[in-house]
Amino acid sequence: QCSERDPVMSARHAYRTTMGATLLDPSRTLFRLWAPSCTYVSLLLDGHPDKVMHATADGYFECIAPVGAGARYRYRVGPDLVVPDPASRAQPDDVHGPSMVVDPRAFEWRSTQWTGRSWEQTVIYEVHVGIAGGFRALCDDLPRIAALGVTAIELMPLSEFPGGRNWGYDGVLPYAPESAYGTVDDLKMLVDTAHRIGLMVFLDVVYNHFGPDGNYLAEYAAPLFRAGSHTAWGAAIDFAVPQVRTYFLENALYWLMEFRFDGLRLDAVDAITERDWLLELLVRVRECVEPGRRVHLMLENRNNDADLLRRGFDAQWNDDGHNVLHVLLTGEHEGYYGNFETGTTRELATVLRDGFLFQGQVEPVTGHPRGSPGGDLPATSFILFLQNHDQIGNRAFGERLDVLANPRALRVAYALLLLCPQIPMLFMGEEWGSTRPFLFFTSHHAALGHVVRDGRRRELAAFSHFSDPAVRETIPDPNDPATFEASRLPQSDRQTPRAQDRINLTTHLLALRTKWIIPRLRGAHALDAHAIGNRAVLARWRMNDGAILTIMLNLGDEAVADVPPCADRLIHAFPDVGGGGPVGLPGYGIRVFMTEGGHGG
């Protein structure tokens, strides 16, 4: 299909997929379904007689019908089972309703000159579209986000999920943007508007499982799942099956080519056992994306597979870096934080130098080895964050770091995040120090909602604070609409003096990053990092013009007197050193130096 793509300067874009409803002309549509478990399939069109579909090779069924954009349809795959299209491009009536034929060329793009931004310029802002108010409301908020110095927004998953409230990781129709957030063209308008003001837009995609409600695939496409194999979220998807590989490869290209996303973040790829599929994805994206257009691919990967980064993925979410910083900032050590309970200052030096902490050694919590060495990789191969949807929302009460951490220590860590050569990511509301929770929320039917609520409370019983059943009963019910409402971020929260101070700090630090760090960032590598105090670390990176970036930070209250001398230019200090020059490293302090010379000064 890549040979049929529009040129990058085009104002209209379509990506033709193997499955789904493909508009052939204004009054004819080709319908194609992979249903290898079926002997017959019929097409049910609203206002038209049922139409038997023809079986073709490799388990596909197809037919052409005299309908155009806006037609609603479903497939009969059994005597008593009618299902939506698994490659549906729009689900106006939710996951159990009919799918709708879409004309992808109906939207006229205005950002025809946009070719993306380099990876080194990336500063990510993760956002949940539902909490932001939908596609149109988020579109209105883009100028404010860009004014911070952010260069990319990353949308949590958009695949159609049951109801109107969900994190997005329970999606069951990967090609259909969530209808509760707006229309297909509303999403395209969001991307188009972002491009016109210089923002990249990334999308979080989930290829490791389907949600539990509205997922009919096992009934008519059983080979999609590997018999007897499960992930933490359900039946394992079998990427050894060619049609399955194609379904997900084309989904990635659909978002990149038709919706013009600037990149994808692939959720939990450690649950995809066919690693070669990830490498095939790299090849297909390179083949299909227009020359000169920059598209980026990011991983969440508990395996810390450094070779995937060497082979072409731009970066991996640095969970090790987050976990080390979280333990240092909060003192928490239960659950997976038990892997980071001791020696955290040394471990912080490791993640600043090598990216990964676990590079093949045994995890204390699981007793199994994890990871591979990645110290040869450029610093930009790692996406660093202090907060994200998982690390907040998986907490029982969704507390953010501004509730949990010493504010002075958090300020130091925040400066490290935004001035470190690793790619920084903020979570919505972090830029003003929001103290509102970000909770886990759903809108399942009542029976499933109860199962999810009770299962979540059982899982949290492993933590000492929730060992008492009475305390577990206070954990918010994900299916209660009030849980979603408690996570909203009203604009008035940004108007307080404290919020304005954090916004000013964010803008200042990102301006420093733009001036001093980004122009020197391509190929920047860590030189060394080591502890210089009980909770203090010094790290150095060689930038691409030969300049040396040095960061000294102290997350403890005790000053560090024996600090190596640094004659380089001081570009940021907290607390402010005044006119006397830096002497030692105070408690809850940070010093950032850059050698003179090169560009960016």
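Observations on the structure shown:
- Considering residues of segment 430-471 that are open to solvent by 60 Å² or more (accessible area, probe 1.4 Å) and among the polar types (S, T, N, Q) only, the residue farthest from the chain's Cα centre (by Cα): 467
- Annotation note: Cβ proximity below 9 Å between a residue of segment 500-523 that is farther than 15 Å from residue 118 by Cα and a residue that is open to solvent by 40 Å² or more (accessible area, probe 1.4 Å) and small (Gly, Ala, Ser) (sequence gap 6+ or interchain) occurs for 507/147; 515/601; 516/601.
Residue-by-condition table, conditions (1) more than 17 Å from residue 170 (Cβ to Cβ); (2) open to solvent by less than 10 Å² (accessible area, probe 1.4 Å):
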{"site": "242", "(1), (2)": "yes, no"}
{"site": "256", "(1), (2)": "yes, yes"}
{"site": "271", "(1), (2)": "no, no"}
{"site": "277", "(1), (2)": "yes, yes"}
{"site": "304", "(1), (2)": "yes, yes"}
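- From the list 175, 169, the one residue that fits, being open to solvent by 20 Å² or more (accessible area, probe 1.4 Å) and either in contact (Cβ under 8 Å) with a residue 24 or more places away in the chain or not in a strand (DSSP E or B) (or both), is 169.
- Considering residues of segment 560-601 that are among the small types (Gly, Ala, Ser) and at pLDDT 80 or above only, the residue surrounded by the most Cβ atoms within 10 Å (Cβ to Cβ): 589
- Residue list for segment 14-24, restricted to those being surrounded by fewer than 19 Cβ atoms within 10 Å (Cβ to Cβ) and touching a residue at least 40 places away in the same chain (Cβ under 8 Å): 18, 24
- Each residue in segment 187-227 was checked for being open to solvent by less than 30 Å² (accessible area, probe 1.4 Å) and more than 23 Å from residue 274 (Cβ to Cβ), and 15 pass.
- Strands (runs of 3 or more DSSP E) fully within segment 481-583 counting 2 or more residues that are in contact with a Ser or Thr (Cβ under 9 Å, 6 or more places away or on another chain) and closer than 24 Å to residue 350 by Cβ: 525-533, 536-542, 548-554
Residue-wise test of (1) open to solvent by 10 Å² or more (accessible area, probe 1.4 Å); (2) over 30 Å from residue 110 (Cβ atoms); (3) assigned to a helix (DSSP H, G or I).
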| residue | (1), (2), (3) |
| --- | --- |
| 298 | no, no, no |
| 313 | no, yes, no |
| 333 | yes, yes, no |
| 364 | yes, yes, no |
| 367 | yes, yes, no |
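- The numbered conditions (1) open to solvent by 10 Å² or more (accessible area, probe 1.4 Å); (2) free of Cβ contacts under 8 Å to residues at least 24 places away in the same chain are all true for residue 338 except (2).
- Among the residues of this structure, residue 353 counts as one that is outside any loop (DSSP other than H, G, I, E, B) and touching an Asp or Glu at 6+ places or on another chain (Cβ under 7 Å).
- Residue 110 of a type in the set (D, E, K, R) and touching a residue at least 40 places away in the same chain (Cβ under 8 Å): yes
- Each residue in segment 203-247 was checked for being in contact with a helix residue (DSSP H, G or I) (Cβ under 9 Å, 6 or more places away or on another chain), aromatic (Phe, Trp, Tyr) and assigned to a loop (DSSP other than H, G, I, E, B), and 4 pass.
- Scanning segment 63-78 for residues that are closer than 17 Å to residue 25 by Cα and crowded, with 17+ Cβ neighbours inside 10 Å returns 65, 67, 69, 71, 72.
- The single condition among (1) touching a helix residue (DSSP H, G or I) at 6+ places or on another chain (Cβ under 8 Å); (2) closer than 23 Å to residue 241 by Cβ; (3) in a helix (DSSP H, G or I) that residue 303 does not meet is (3).
- Some residue of segment 107-119 being surrounded by 15 or more Cβ atoms within 10 Å (Cβ to Cβ), in contact with a Lys or Arg (Cβ under 9 Å, 6 or more places away or on another chain), over 23 Å from residue 260 (Cβ atoms) and modelled with pLDDT of 95 or more: no
- One residue alone among 512, 538, 527, 549 is under 30 Å from residue 377 (Cα atoms), at pLDDT 95 or above and open to solvent by 60 Å² or more (accessible area, probe 1.4 Å), and that residue is 527.
- Neighbours by Cβ (under 9 Å, 6+ apart or cross-chain): first from segment 271-289, farther than 16 Å from residue 303 by Cα; second of a type in the set (S, T, N, Q): 288/1
- Hey, residue 54 open to solvent by 80 Å² or more (accessible area, probe 1.4 Å) and either in contact with a Gly (Cβ under 7 Å, 6 or more places away or on another chain) or under 23 Å from residue 163 (Cα atoms) (or both) or not: no
- Unmet criterion (only one of (1) open to solvent by less than 10 Å² (accessible area, probe 1.4 Å); (2) in a helix (DSSP H, G or I)) for residue 137: (1)
- Test: residue in segment 378-399 that is charged (D, E, K, R), within 24 Å of residue 588 (Cα to Cα) and assigned to a loop (DSSP other than H, G, I, E, B): yes
- Test: residue in segment 348-362 that is more than 17 Å from residue 541 (Cα to Cα), surrounded by fewer than 16 Cβ atoms within 10 Å (Cβ to Cβ), of a type outside the set (Gly, Ala, Ser) and out of contact with any strand residue (DSSP E or B) (no Cβ under 8 Å at 6 or more places or on another chain): no
- Taken together, the criteria exclude residue 39 from residues that are open to solvent by 20 Å² or more (accessible area, probe 1.4 Å), among the polar types (S, T, N, Q) and touching an Asp or Glu at 6+ places or on another chain (Cβ under 9 Å).
- Matching residues in segment 538-575 - criterion: being in contact with a His (Cβ under 7 Å, 6 or more places away or on another chain) and within 22 Å of residue 328 (Cα to Cα): 538
- Filter pass, residue 210 being within 19 Å of residue 251 (Cβ to Cβ) and without any contact (Cβ under 8 Å) to a residue 24 or more places away in the chain: no
The values are calculated or read from the model by the stated rules, or taken from the named source; none is laboratory data. What you see is a predicted model, and the numbers here were worked out from it, not measured in a lab. FYI the Cβ positions are ideal-geometry reconstructions off the backbone, even for glycines, and counts take in every protein chain you see. The area values use the complete protein model at the heavy-atom level, side chains included, leaving out ligands, DNA and RNA. Shrake-Rupley method; radii C 1.70, N 1.55, O 1.52, S 1.80 Å.
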